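J.: Have a look at this one before I ask anything.
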Amino acid sequence: MDRIATGQPLAPADLAGQEDFDLGFATTAELDPLEDWPGQDRALGALRLAAETSHDDFNLYVLGTPGTGRHSATRKVLEQAAAARPLPADRVYVNRFDDPRRPVAMELPPGRAVELRDTVRKVVNDLANDIPAIFESEDYQTRRRAIEDTYSERHETAMGALADMARERGLAIVRTPMGFGVAPRKGEEILPPDEYEKLPPADRARLDAAIDEVRARLEDILKDLPKGMKAQRREVEELNISMAREGVDAALAEALERFAEHAAVTGHLQAMRADMIDNAELFLIREDGPQAGAFPVATSRHYLKPQFQRYAVNVMVSHDPATASGAPIVEEGLPTLANLIGRIEYSSDQGALVTNFTMIRPGALHRANGGFLILDAMQILTEPLAWDALKRSLKSGEVTIYSAGERFSLISTETLDPDPMPLRLRVVLVGERRLYYLLAALDPDFGRLFKLEADFDDRMPRTGESAQLFARLIGTMARTDGMRPVAADGVARMLTESLRLSEDAERFTLNLAALGDILREADHWAGKAGAEAIRSDDIETAVAAADRRAGRLRELGQEAIARATLLIDTEGARVGQINALSVLEIGKTRFGRPTRVSARVRMGAGKLVDIEREAELGGPIHSKGVMILSGYLAGHYAPDLPMSLWASVVFEQSYGGVEGDSASAAELVALLSALADLPIDQSFAVTGSVNQFGDVQAIGGVNEKVEGFFDTCAARGLTGRQGVLIPVANVKHLVLRPRVRAAMDGGRFRVIPIASIDEGIALLTGRPAGARGADGAFPADSVNGRVEARLTAFAEARRRFGQKPDTSEDRN
Amino acid sequence: MTPADSTRRVILTATCFAEAEAMLALAEGLAAEAGAMLQGVLVEDADSVALAVAGAARIVDPAGRPVAGLDPARMGAAYARDAARFERMLAEAATRTALTWGFRRARGRLAGALTGLAAPGDLLVLPAGLLRSPLREIVLAAGADPDLAPLAAAAAARIRRPLRQLAAPTVAGAPWTGLGPGSVLFSHVEAHNLAALLGATRCIHVLRA
């Protein structure tokens, strides 16, 4: 853009518009699709590094404004990198038979986890059929009976011999509910007590001795019985183990051969073999009774029975090479602690919560292991314990499953302590810049774990080449979303809107989401009009419709001015009163509107009262701006005299907060007008901040501010005199709506750039500002001359006031 | 005529709960096979009662420990406990196999008590000898009621043990010598010979009344 002359109205040629773009095609259908994201080379470089490097901790934070393509670019770059990577390993949890609380984690080649699970299911099914058959076989029954008979006969023989001995000695052994009784007998019956008493003492002594002897032998035999039973049980158990071993070995042979090259799997299968042999009775449980139901139980799915859960293989992650390739990319939209690191589920068993290793569920870290995990930074930071869990996992290089209740010691029920699983993945956080800077400042782990940042630009310099790239981007968006192609004038209008969204006539916005919204709405209007391409008018309609939808508050403000509820003059002249401009941003609505600023002065002790600040309605930046005015006045006028001014400045009819310094130029002009007692032309509004030397500096929202005053003036009828004074540094930011540009083109409205406060005051008062002459004084009739004269007069008056004799004694 | 038609009751007779428990499966199977009522009888044996008052008698409990302070009251309480357990066990078994059942207590000598209880067509299951062992064989005495043969065969199949034939029994003779506590002898005996039979054998008897 050529150098801009200050103090002169801008010509439409000085402003950006769609006519600036000569694109050289009819519609975007002629253009090659754009696979990349224009203007994001820096961010894409970081993304590619994160995707391709194998070093640990090169995790990535993708920062930028929403809508700049962070998610789509991240996804696409990672997809390209993931495709070149191998499928990661499968992961399973299996039972640790000697300590079921600590399930074992195992790693298998891709696709083999499911194979292992199915193989073990088949083993269980086979054994559920085979083991009952083994234990019902004649061979087993015979061998078992032989053992039992051996011990029974040994006992029977001993008891038989004792019974015979007792009989020979005139005794009987009787079985009673209390045990075995030994007593003298008479024939086949017990000798009655009275007859016993009548026996000669020698006979009684003989019988008593015999009774004691038989009793002692009986005690020995009975005490030996448990030992015999124990030995018998041991032999039967050995027989059972021997029989079960044959069945289990036969059933497991194929599985062991199939996974022979995986030491961890064969180790587990061997542990399973030992457990199956030890617990062969699990395969003998019959489904009889009421649970069996009316129909025969299916025989092919024994592995589903609760007693066989201990042999299950819990597949946490499986990648079938037949249907999948490359490393996984997982986006976890709800990164709760459980969704991130997995969870241990519970079931209710007679009122108690119980669990086992088959109830371990994988989290996003498990699924993304060996690949990429994309998370929203805000979400993971706001989910309790999730951020901490992510950092722990990345630091330790393994995923450990625990619950929030466990972490806070809130759970007292039985739980598990599964083996951690090794973790190797790249985490990509997508979030706002603010979060990135906060994390970098406040979390010492962040910088170590997230070494890379992909900073997505909001804007791209406007050049002929970038305009062409942007045209291709718009064409690609239209094609991808199934919209009509965009005609060249439509693209030009979109480019203008892109400049407008970036608030800079020299920069295209990279907020693709906002542009996409406009394009989609324009496509709707083009469709309604029966057009085959989206044209400039459709874009204009979409933009205007969006403005209108969001314009209720703007219209209310303008209506209040039009009905003189808010007092804004757009013609005439007044001392100490000026139209400043402010921007209101509520939700998606952003608009400018004029606000009257007024200033009053009198002699004082050098105080400039910012009424907004006194009323605690002014923000710190606004207060800073007003303080700068004091500096300007003090340094610019009568520097050798004490500042003897009392002045007040206020935003009239402003009842909310005021922040920012973009009205400081207007406030200074109002003050100078009040001091010089010169009226200000109310046809103008002024925006811009000012420094202590009187230079007018750039502000934000210049387009909305100009349009806000234009709308106020247009509602009352444009006079051709009305206009806005803006900082010259803001001219490059002007991308005004066509209605304003048309008025400027027709000489009905003016936008005048200024570089200094002197330029502004001259334009607004119609008098030269005045520069100090050789004598060091401002011309007497200039604005500055009048201001300095007034301040000098205040100082003189103050001095005189200070010299007044003290009359207090007289009054006394 | 089938065993079901000819057998009215299976009477499981014991002098203590341990004996009844050892014979229950056999009696339950017989009752189910014959479609008969399962009747339990706990006989308070006269010898046991006499034992409680005999000063010279000694009792050793099943674990081999001497029992001190023996008296009729304790013996009576022990019988009451065994009777309750016997009845409960019988009820559970009958429910399991959908049998009708009954239970009663009797006093006197086992043989004498049975003579008063048994009616024609009843099948008596009763122990002889001190010891009870796991069942090892089914023995069918020659000359036994023909109805007993199929019941004996079914019992042998049920417990998967052999069935053998025994020469004609004579109480004074020696054919019992091959029988032990694990044997189940299916035979027929006259009431007046029952006490002698029980005194001469150490096995489980299944007798047609």
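J.: When DSSP assigns beta bridges and you keep just the ones with both residues in region B:3-208, what percent turn out antiparallel, to the nearest 5? Could you put the intermediate results ahead of the total?
T.: Values: 7 of 37 bridges.
About 20 percent, rounded to the nearest 5.
J.: Further, regarding this structure: Of A:Lys391/A:Lys588; A:Lys186/A:Lys223; A:Lys122/A:Lys305; A:Lys588/A:Lys705, which ones are farther than 25 Å apart at the Cα? Please list the in-between numbers first.
T.: Details: A:Lys391/A:Lys588 36 Å; A:Lys186/A:Lys223 29 Å; A:Lys122/A:Lys305 13 Å; A:Lys588/A:Lys705 16 Å.
From the list (A:Lys391/A:Lys588; A:Lys186/A:Lys223; A:Lys122/A:Lys305; A:Lys588/A:Lys705), the Cα-Cα distance tops 25 Å for A:Lys391/A:Lys588; A:Lys186/A:Lys223.
J.: Shifting gears a bit: Take chain B, connect every pair of alpha-carbon atoms lying under 10 Å apart with a spring to form a Gaussian network, then pick out the residue of B:Ala56, B:Ala157, B:Ala119 with the largest mean-square fluctuation.
T.: B:Ala56
J.: Separate question: Which FRET efficiency, nearest 0.05, do A:Leu641 and A:Glu616 yield, Cβ-Cβ r, R0 56 Å?
T.: 0.95
J.: Determine which lysines satisfy two conditions relative to A:Lys395: a Cα distance under 26 Å, and not lying fewer than 8 residues away in the same chain.
T.: A:Lys451
J.: Let me ask you something else. Can you compute the FRET efficiency between A:Ala133 and A:Asp278 using 1/(1 + (r/R0)^6), with r the Cβ-Cβ distance and R0 = 25 Å? Round to the nearest 0.05.
T.: Values: r = 19 Å, r/R0 = 0.78.
The formula returns an efficiency of 0.80 here.
J.: A further question on this structure: Sort A:26-35, A:241-250, A:363-372 for me by packing, meaning the mean count of neighbouring Cβ atoms within 10 Å per residue, highest on top.
T.: A:363-372, A:241-250, A:26-35
J.: Report, to the nearest 10°, how far helix A:201-258 tilts away from the longest principal axis of the Cα atoms in chain A, using its own Cα long axis and a range of 0 to 90°.
T.: Once rounded, the angle reads 50 degrees.
J.: Related question: Antiparallel versus total DSSP beta bridges in the protein assembly as shown: what percent is that, nearest 5? Don't skip to the answer; put the middle values down first.
T.: Numbers: 62 of 125 bridges.
Given both bridge residues lie in the protein assembly as shown, the antiparallel proportion sits at roughly 50 percent.
J.: Could you tell me how far the Cα centroid of region B:89-162 sits from the Cα centroid of region A:524-602, in Å?
T.: Between the Cα centres of region A:524-602 and region B:89-162 lies a distance of 108 Å.
J.: Using a Cα-Cα cut-off of under 18 Å, which lysines could be cross-linked to A:Lys624, ignoring same-chain neighbours fewer than 8 residues away?
T.: Hits, sequence-local ones excluded: A:Lys607.
J.: Shifting gears a bit: As an exercise, identify the GluC sites (Glu not before Pro) in region A:538-632 lying in DSSP coil whose Cβ has no more than 16 other Cβ atoms within 10 Å.
T.: Answer by residue number: A:Glu571, A:Glu616.
J.: To the nearest 0.05, what FRET efficiency results for A:Glu432 and A:Glu571 with a Förster distance of 60 Å applied to their C-beta separation?
T.: 0.85
J.: Add -39500 (n - 2.57) for each DSSP H run of 4 or more in chain A, then divide by its residues: what number comes out at 222 nm, to the nearest 500 deg cm²/dmol? Display every interim value, and only then the final one.
T.: Working: 27 runs with 374 residues, N = 812.
Counting only the DSSP helices, I get -15000 deg cm²/dmol.
J.: Would you mind ranking A:Asp419, A:Asp711 by Cβ crowding within 10 Å, fewest neighbours first?
T.: Listing A:Asp419, A:Asp711 from fewest to most nearby Cβ atoms yields A:Asp419, A:Asp711.
J.: Measure off 7 Å from each Cα along the Cα-to-Cβ vector at B:Thr97 and A:Asp517, then give the distance between these two points in nanometres to one decimal.
T.: Going by the 7 Å Cα→Cβ label model, 8.4 nm.
J.: In addition: Cut-off is 10 Å between beta-carbons; in what order do A:Trp646, A:Trp37 appear when sorted fewest neighbours first? Intermediate results must be reported in sequence, preceding the final value.
T.: Values: A:Trp646 16, A:Trp37 24.
Lowest to highest Cβ neighbour count: A:Trp646, A:Trp37.
J.: Mind checking B:130-138 for the average number of partner chain beta-carbons within 10 Å of each residue's beta-carbon?
T.: 5
J.: Test of understanding: what is the full-extension gain from A:His55 to A:Arg563, defined as 0.36 nm times their sequence separation minus their Cα-Cα distance? Don't skip to the answer; put the middle values down first.
T.: On the way: separation 508, 0.36 × 508 = 182.88 nm, distance 6.75 nm.
Once the chain is fully extended between A:His55 and A:Arg563, it gains 176.1 nm.
J.: At 7 Å along the Cα-to-beta-carbon direction for both A:Ala83 and A:Leu256, put a label point, then send me their distance in nm to one decimal.
T.: 4.6
J.: Please build a GNM for chain B, connecting alpha carbons under 10 Å apart, and tell me which residue among B:Gly40, B:Gly180, B:Gly108 fluctuates the most.
T.: Per the Cα network of chain B with a 10 Å cutoff, B:Gly108 tops the list.
J.: A follow-up question, please. List the relative contact order of chain B as a percent without decimals, with contacts defined as Cα pairs under 8 Å and 6+ residues apart. If you can, show how the numbers build up before the last one.
T.: On the way: 392 pairs, mean separation 51.4, N = 209.
Once divided by the residue count of chain B, the mean separation gives 25 percent.
J.: What list of ³J(HN,Hα) couplings, whole Hz, do you get for region A:80-88 from phi and the Karplus terms 6.51, -1.76, 1.60, once you set θ to phi - 60° and write x for glycine and proline?
T.: Values, residue by residue: 5, 6, 5, 4, 8, 9, x, 5, x Hz.
J.: Moving on to the next point. How would B:Met23, A:Met165 line up from fewest to most surrounding beta-carbon atoms within 10 angstrom?
T.: A:Met165, B:Met23
Each value in this text was obtained by applying a stated rule to the coordinates, not by laboratory testing. Only a predicted model underlies this, so the values are computations on that prediction, with no experimental measurement involved. Methodologically, a virtual Cβ is constructed for each residue, glycine included, from the backbone with ideal geometry; neighbour enumeration extends over all protein chains shown.
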